[in-house]
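All remarks here apply to the structure that follows.
The values are calculated or read from the model by the stated rules, or taken from the named source; none is laboratory data. Note that this is a predicted model, so its numbers are computed, not measured. In this analysis, Cβ positions are derived from the backbone assuming ideal geometry, glycine residues included, and neighbour counts consider all displayed protein chains. Quick note on the areas: whole protein, heavy atoms, side chains included, nothing else; ligands and nucleic acids left out. Shrake-Rupley method; radii C 1.70, N 1.55, O 1.52, S 1.80 Å.
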Amino acid sequence: MDKYLIVGLGNPGDEYADTRHNTGFMVLDAFAKASNIVFEDKRYGFVAETSIKGRKVFLLKPTTFMNLSGNAVRYWLGKENIDQQRLLVISDEVALPLGAFRLKANGSNGGHNGLGHIQQLIGQNYARLRMGIGNDFPRGMQIDWVLGHYSEEEKQTLQPAIDTAVEIIKSFVLAGIDVTMNQFNQKGKKG
(Lines give C-alpha, C1' and ligand atoms only; values in the text may rest on other atoms or scores of the structure.)
Protein backbone atom coordinates (compact mmCIF):
# COMPACT_ATOMS: atom_id res chain seq x y z
CA MET A 1 0.00 0.00 0.00
CA ASP A 2 1.30 3.46 -0.87
CA LYS A 3 2.15 5.50 2.21
CA TYR A 4 2.42 9.25 2.59
CA LEU A 5 3.83 11.44 5.34
CA ILE A 6 2.31 14.90 5.77
CA VAL A 7 4.22 17.04 8.27
CA GLY A 8 2.97 20.30 9.75
CA LEU A 9 5.70 22.34 11.39
CA GLY A 10 5.25 24.15 14.68
CA ASN A 11 6.26 24.15 18.33
CA PRO A 12 4.60 21.91 20.94
CA GLY A 13 2.95 23.40 24.00
CA ASP A 14 -0.12 25.50 24.72
CA GLU A 15 1.85 28.75 24.72
CA TYR A 16 2.60 28.25 21.01
CA ALA A 17 -0.94 27.34 19.95
CA ASP A 18 -2.30 29.71 17.27
CA THR A 19 1.05 31.45 16.78
CA ARG A 20 2.16 32.24 13.24
CA HIS A 21 5.04 29.75 13.50
CA ASN A 22 2.46 27.00 14.20
CA THR A 23 0.52 27.47 10.96
CA GLY A 24 1.63 23.99 9.84
CA PHE A 25 0.06 22.48 12.97
CA MET A 26 -3.14 24.46 12.27
CA VAL A 27 -3.39 22.96 8.76
CA LEU A 28 -3.00 19.40 10.08
CA ASP A 29 -5.53 20.05 12.84
CA ALA A 30 -8.02 21.21 10.19
CA PHE A 31 -7.30 18.14 8.05
CA ALA A 32 -7.71 15.80 11.03
CA LYS A 33 -10.97 17.46 12.02
CA ALA A 34 -12.33 17.17 8.46
CA SER A 35 -11.23 13.52 8.33
CA ASN A 36 -12.61 12.75 11.79
CA ILE A 37 -9.30 11.43 13.10
CA VAL A 38 -7.36 12.27 16.25
CA PHE A 39 -3.68 12.70 17.02
CA GLU A 40 -1.87 10.39 19.41
CA ASP A 41 1.29 11.28 21.30
CA LYS A 42 3.99 9.06 19.77
CA ARG A 43 7.75 9.14 19.33
CA TYR A 44 8.96 12.59 18.21
CA GLY A 45 5.47 13.87 17.56
CA PHE A 46 1.71 13.76 17.53
CA VAL A 47 0.63 11.34 14.83
CA ALA A 48 -2.71 10.64 13.18
CA GLU A 49 -3.43 8.05 10.50
CA THR A 50 -6.06 7.86 7.82
CA SER A 51 -6.41 6.53 4.32
CA ILE A 52 -7.53 8.23 1.14
CA LYS A 53 -8.78 5.87 -1.57
CA GLY A 54 -6.58 3.03 -0.37
CA ARG A 55 -3.51 5.16 0.28
CA LYS A 56 -2.23 5.33 3.85
CA VAL A 57 -1.62 8.84 5.13
CA PHE A 58 0.34 9.71 8.26
CA LEU A 59 -0.04 13.20 9.70
CA LEU A 60 2.86 14.32 11.89
CA LYS A 61 3.12 17.33 14.20
CA PRO A 62 6.70 17.11 15.52
CA THR A 63 7.18 17.63 19.27
CA THR A 64 10.91 18.22 18.79
CA PHE A 65 10.54 22.01 18.58
CA MET A 66 10.97 23.74 15.24
CA ASN A 67 14.77 23.76 15.03
CA LEU A 68 14.96 19.96 15.37
CA SER A 69 12.01 19.07 13.11
CA GLY A 70 14.24 16.94 10.90
CA ASN A 71 14.64 14.34 13.66
CA ALA A 72 10.90 13.64 13.63
CA VAL A 73 10.65 13.64 9.83
CA ARG A 74 13.60 11.30 9.37
CA TYR A 75 12.35 8.94 12.10
CA TRP A 76 8.82 8.59 10.68
CA LEU A 77 9.98 8.24 7.07
CA GLY A 78 12.23 5.39 8.23
CA LYS A 79 9.81 3.78 10.66
CA GLU A 80 7.03 3.52 8.08
CA ASN A 81 9.39 3.07 5.13
CA ILE A 82 7.93 6.03 3.25
CA ASP A 83 9.55 7.29 0.05
CA GLN A 84 10.74 10.89 0.29
CA GLN A 85 8.77 11.66 -2.87
CA ARG A 86 5.66 11.05 -0.75
CA LEU A 87 6.60 13.57 1.92
CA LEU A 88 4.87 16.95 2.15
CA VAL A 89 6.01 19.49 4.74
CA ILE A 90 3.79 22.46 5.63
CA SER A 91 5.42 25.54 7.13
CA ASP A 92 4.84 29.23 7.77
CA GLU A 93 6.44 31.74 5.39
CA VAL A 94 7.14 35.42 6.17
CA ALA A 95 7.95 36.18 2.53
CA LEU A 96 4.33 35.56 1.52
CA PRO A 97 1.36 37.72 2.54
CA LEU A 98 -1.10 36.37 5.08
CA GLY A 99 -3.51 34.00 3.37
CA ALA A 100 -1.24 33.34 0.38
CA PHE A 101 0.54 30.02 -0.13
CA ARG A 102 3.06 28.38 -2.43
CA LEU A 103 3.52 24.70 -3.18
CA LYS A 104 6.93 23.51 -4.40
CA ALA A 105 8.35 20.09 -5.30
CA ASN A 106 11.74 20.86 -3.71
CA GLY A 107 14.17 23.71 -3.12
CA SER A 108 16.00 25.63 -0.44
CA ASN A 109 14.81 26.17 3.11
CA GLY A 110 14.33 29.92 2.53
CA GLY A 111 15.83 30.66 5.93
CA HIS A 112 13.15 28.69 7.79
CA ASN A 113 14.70 26.87 10.79
CA GLY A 114 12.37 23.88 10.61
CA LEU A 115 12.91 23.35 6.88
CA GLY A 116 16.62 23.98 7.41
CA HIS A 117 16.96 21.12 9.88
CA ILE A 118 14.94 18.75 7.68
CA GLN A 119 17.21 19.66 4.76
CA GLN A 120 20.33 18.93 6.84
CA LEU A 121 19.07 15.42 7.55
CA ILE A 122 17.33 14.34 4.35
CA GLY A 123 18.29 16.89 1.67
CA GLN A 124 16.13 19.28 -0.37
CA ASN A 125 14.22 16.78 -2.44
CA TYR A 126 10.79 16.83 -0.82
CA ALA A 127 7.57 18.75 -1.41
CA ARG A 128 6.73 21.73 0.78
CA LEU A 129 3.70 23.93 1.18
CA ARG A 130 4.55 27.39 2.50
CA MET A 131 1.71 29.23 4.19
CA GLY A 132 2.02 33.02 4.11
CA ILE A 133 2.03 34.77 7.49
CA GLY A 134 3.00 38.22 6.22
CA ASN A 135 5.89 40.33 7.44
CA ASP A 136 4.33 43.34 9.07
CA PHE A 137 7.06 43.70 11.69
CA PRO A 138 9.80 46.28 12.34
CA ARG A 139 13.37 45.38 11.44
CA GLY A 140 14.92 42.96 13.91
CA MET A 141 11.54 41.86 15.29
CA GLN A 142 10.99 38.74 13.17
CA ILE A 143 11.21 36.30 16.12
CA ASP A 144 8.53 38.23 18.03
CA TRP A 145 6.38 38.25 14.87
CA VAL A 146 6.55 34.53 14.07
CA LEU A 147 6.03 33.56 17.71
CA GLY A 148 3.17 36.05 18.04
CA HIS A 149 -0.45 34.93 18.14
CA TYR A 150 -2.89 35.46 15.29
CA SER A 151 -5.63 37.98 15.98
CA GLU A 152 -9.23 36.89 15.32
CA GLU A 153 -9.22 39.06 12.20
CA GLU A 154 -6.01 37.46 10.94
CA LYS A 155 -7.44 33.99 11.55
CA GLN A 156 -10.38 34.90 9.31
CA THR A 157 -7.96 36.02 6.58
CA LEU A 158 -5.97 32.80 6.97
CA GLN A 159 -8.92 30.38 7.08
CA PRO A 160 -9.52 30.10 3.31
CA ALA A 161 -5.83 29.20 2.84
CA ILE A 162 -6.11 26.55 5.56
CA ASP A 163 -9.22 25.12 3.88
CA THR A 164 -7.36 25.05 0.56
CA ALA A 165 -4.33 23.43 2.21
CA VAL A 166 -6.58 20.56 3.32
CA GLU A 167 -7.57 20.08 -0.35
CA ILE A 168 -3.91 20.31 -1.39
CA ILE A 169 -2.99 17.45 0.96
CA LYS A 170 -5.70 15.25 -0.59
CA SER A 171 -4.59 16.17 -4.11
CA PHE A 172 -0.93 15.55 -3.28
CA VAL A 173 -1.79 12.03 -2.10
CA LEU A 174 -4.12 11.22 -5.00
CA ALA A 175 -2.63 13.11 -7.96
CA GLY A 176 0.99 13.86 -7.04
CA ILE A 177 2.97 17.06 -6.65
CA ASP A 178 3.03 18.28 -10.29
CA VAL A 179 -0.71 18.10 -10.87
CA THR A 180 -1.34 19.64 -7.46
CA MET A 181 1.04 22.56 -8.09
CA ASN A 182 -0.63 23.25 -11.44
CA GLN A 183 -4.06 23.13 -9.90
CA PHE A 184 -3.48 25.20 -6.77
CA ASN A 185 -0.53 27.59 -7.07
CA GLN A 186 -2.51 30.24 -8.99
CA LYS A 187 -5.07 30.27 -6.17
CA GLY A 188 -2.30 30.84 -3.67
CA LYS A 189 -1.28 34.24 -4.97
CA LYS A 190 -2.55 37.25 -3.05
CA GLY A 191 -2.26 40.92 -3.73
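Worth a mention:
- Region 1-158, relative contact order [Cα under 8 Å, separation at least 6], %: 28
- With all protein chains kept in place, the per residue accessible area of the chain amounts to 48 square angstrom at a probe of 1.4 angstrom.
- Overall, the chain carries a charge dipole of about 720 debye about its Cα centre when +1 sits on the Cβ of Lys and Arg and -1 on the Cβ of Asp and Glu, all other atoms neutral.
- Counting protein heavy atoms only, region 16-158 has 44 percent of its accessible area on carbon and sulfur, 1.4 angstrom probe.
- Mean-square fluctuations from a GNM of the chain, with a 10 angstrom spring cutoff on Cα atoms, peak among 123, 111, 140 at 140.
- Of interest is the spacing of the C-alpha centroids, which for region 10-26 and region 112-191 amounts to 13 Å.
- From the C-alpha gyration tensor of region 1-104, square roots of 5λ in Å: 21, 15, 14
- Calculated P(r) of the chain - Cα pairs past 25 Å, %: 26
- Each Lys or Arg adds one and each Asp or Glu subtracts one; over the other residues with Cβ under 14 Å from the Cβ of residue 112, this totals +3.
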